Amino acid sequence: MGNAVFTHGAVRLELPMVRATAGNNGYDITKLLARTGETTYDIGFGSTAACKSAITFIDGEAGVLRYRGYPIEQLAEKASFMEVAYLVLYGELPNAEQLDYFNCAINGYHLIDERLKEMFRSAPRRSHPMPLLAAAINSLSTFVYTNPLIDPTDLDGATHRLMGAVPTLAAYGYKNSIGQPMLYPLDSESYVENFIRMSFGVPSRPYPFDEEIIKALDVLLILHADHEQNCSTSTVRLVGSSGANVYVSVAAGVNALSGPLHGGANQAVLEMLAHIKRDGGGVNRFVEKVKQREAKLMGFGHRIYKNYDPRAAIVKQHADAILRHRTGHDELLDIALTLEDTALNDPYFQERKLYPNVDFYTGLIYQAMGFPVDMFTVLFAIGRLPGWIAHWREQAADPTMKIGRPRQIYVGQAKRDFVPLDQR
Ligand code: CMC
């Protein structure tokens, strides 16, 4: 296939093909408005590529996900989250020296300014940790842009600072909500160890690490590290396209992620499973409600995947191993397995190609780790951080980059004259 031709009355417009190295090519429609006076209409951007990107490839029909060319299955099995974060950010897997430098540079920023802790203390005890995390990341930029010792254009510095500070900020949001002291990160601990200890440890005793939990969280972070132009990443890009700095752009991404159709789905799934259990009507009754459009099957369906989400397949294996190993029997896991099986064998879900997505089983693991439901999306955010930063950087380095500014089709009132207040 080559270029396409679009005809509009007497206008014949050639649409050059923009070639992909894998997956869908795109037609360049940038001249459409100027040549025809008309625009395109694509709700939810389902058929629109907003940029070229070399970070992540997804084949939704085949259930394929690759970061920088590497299949997610290989990365989840063989790499660490820090290796994957480096890969997503810089395009290649690090060698031992590069990884060591990356870890040290990030450790240089995991201790946050003491004044930022006050922000958490001023928030209500029951604050949801997602807006708190977004606010804290936003605040990070105030410490950078007002400090003459820091070069705000130093992108590697900003990358290390965000990667270092975010787990600390995430743990502090949780500690604040339960009224426990905020612990300091330790250079001697790994990225995941620090986050787990800062979340669950107390200053009065050493924290007993559980290797199985550390490994499981590391894998979950890998699975979340990037997912091309999803809602939060597109938000980061759009905000960044105005020239806004990487901190406030990432904070905007955290806010976008919080919605239940996006990252907030992991919390919504657990609430749904708990509701099914409480309701006592069983899985079939809930599935009927979904088919009557009285409820949504959270953790199911995806804009891109029309097949099993490859991340969900990996999470499911881990959920099964961890939950069965720990408790022998987990009622919510049993409900989730029955729900999945029922949906996958039901024509409603089959016809619409609805399969479990990454959020379907993650909440069960997070809960087994001891996290309360409203921390689940924060864990997603920690994982997605390298992806958001990588996209911001990729866009900033692109010489063809323009401010993001969609068009609209105006459907409001025609011109009319102002009516004074006493005549309305
Ligand atoms: N439960 C029941 N029906 C569904 C679901 C679902 N979870 N998802 C889609 N459908 C139906 C939808 O009603 C529509 O049916 P019809 O054509 O008869 O009106 C059809 O499937 C197509 O759905 P859509 O809403 O047009 O699809 P979309 O691409 O706009 O939405 C989605 C994708 C992920 C927002 C949606 O599937 C959804 O709401 N899922 C539940 C929330 C969720 O699990 N989100 C996490 C997504 S993965 C991780 C992430 O991105 O953060």
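In the stretch 265-290, what count of residues is obtained for those that are part of a helix (DSSP H, G or I), of a type in the set (Gly, Ala, Ser) and more than 11 Å from the ligand (Cβ to nearest atom)?
2
GLU331: over 30 Å from TYR41 (Cβ atoms), away from the ligand (no atom under 15 Å from the Cβ) and either of a type in the set (A, V, I, L, M, F, W, C) or open to solvent by 10 Å² or more (accessible area, probe 1.4 Å) (or both), yes or no?
yes
Check the stretch 403-421 and report whether any residue there is within 18 Å of the chain's Cα centre (by Cα) and either closer than 30 Å to VAL219 by Cβ or small (Gly, Ala, Ser) (or both).
Within the stretch 403-421, none of the residues are within 18 Å of the chain's Cα centre (by Cα) and either closer than 30 Å to VAL219 by Cβ or small (Gly, Ala, Ser) (or both).
Applying the selection to the stretch 47-62, what residues are closer than 19 Å to MET17 by Cβ and within 13 Å of the ligand (Cβ to nearest atom)?
Hit for the stretch 47-62 is SER47, nothing else.
What pairs come out if I take residues in the stretch 241-258 that are without any contact (Cβ under 8 Å) to a residue 40 or more places away in the chain and pair them with residues that are hydroxyl-bearing (Ser, Thr, Tyr) and open to solvent by 20 Å² or more (accessible area, probe 1.4 Å) whose C-beta lies under 6 Å away, six or more apart or interchain?
Short answer, once both residue conditions are applied: ALA256/THR235.
Can GLY259 be described as at positive phi and either out of contact with any His (no Cβ under 8 Å at 6 or more places or on another chain) or within 12 Å of the ligand (Cβ to nearest atom) (or both)?
So GLY259 fails the test.
Among the numbered conditions (1) in a helix (DSSP H, G or I); (2) in contact with a helix residue (DSSP H, G or I) (Cβ under 6 Å, 6 or more places away or on another chain); (3) within 16 Å of the ligand (Cβ to nearest atom), tell me where ASP226 comes up short.
Looking at each condition in turn, ASP226 falls short on (1).
Report every pair of residues separated by at least 6 positions or lying on different chains whose Cβ atoms are under 6 Å apart, first residue within the stretch 291-309 and more than 7 Å from the ligand (Cβ to nearest atom), second among the basic types (Lys, Arg).
ALA295/LYS289; LYS306/LYS353
So which residues in the stretch 31-59 are more than 27 Å from the chain's Cα centre (by Cα) and either farther than 28 Å from ASP226 by Cβ or at pLDDT below 95 (or both)?
LYS31, LEU32, LEU33, ALA34, ARG35, THR36, GLY37, GLU38, THR39
Can you tell me which condition THR233 does not meet? The list is (1) within 12 Å of the ligand (Cβ to nearest atom); (2) assigned to a helix (DSSP H, G or I); (3) farther than 21 Å from LEU344 by Cβ; (4) open to solvent by 20 Å² or more (accessible area, probe 1.4 Å), and all the others hold.
(4)
Please find, among ALA135, ALA105, the residue that is touching a residue at least 40 places away in the same chain (Cβ under 8 Å), in a helix (DSSP H, G or I) and closer than 30 Å to ALA268 by Cβ.
Criteria check complete, one pass: ALA135.
Could you grab the pairs with beta carbons closer than 7 Å, sequence gap of 6+ or different chains, first residue in the stretch 391-404 and open to solvent by less than 50 Å² (accessible area, probe 1.4 Å), second one not small (Gly, Ala, Ser) and not in a helix (DSSP H, G or I)?
Short answer, once both residue conditions are applied: HIS391/ILE55; GLU394/ILE55; GLN395/CYS51; GLN395/MET401.
Just give me the residues in the stretch 71-92 being buried (at least 17 other Cβ atoms within 10 Å of the Cβ) and over 19 Å from ALA216 (Cβ atoms), in sequence order.
TYR86, LEU87, VAL88, LEU89, TYR90
The values are calculated or read from the model by the stated rules, or taken from the named source; none is laboratory data. What you see is a predicted model; the values in this text were computed from it and never measured. Using ideal geometry, Cβ is built from the backbone for each residue, glycine included, and neighbour counts are taken over all protein chains shown. SASA here: full protein model, heavy atoms, side chains in, ligands and nucleic acids out. Shrake-Rupley method; radii C 1.70, N 1.55, O 1.52, S 1.80 Å.
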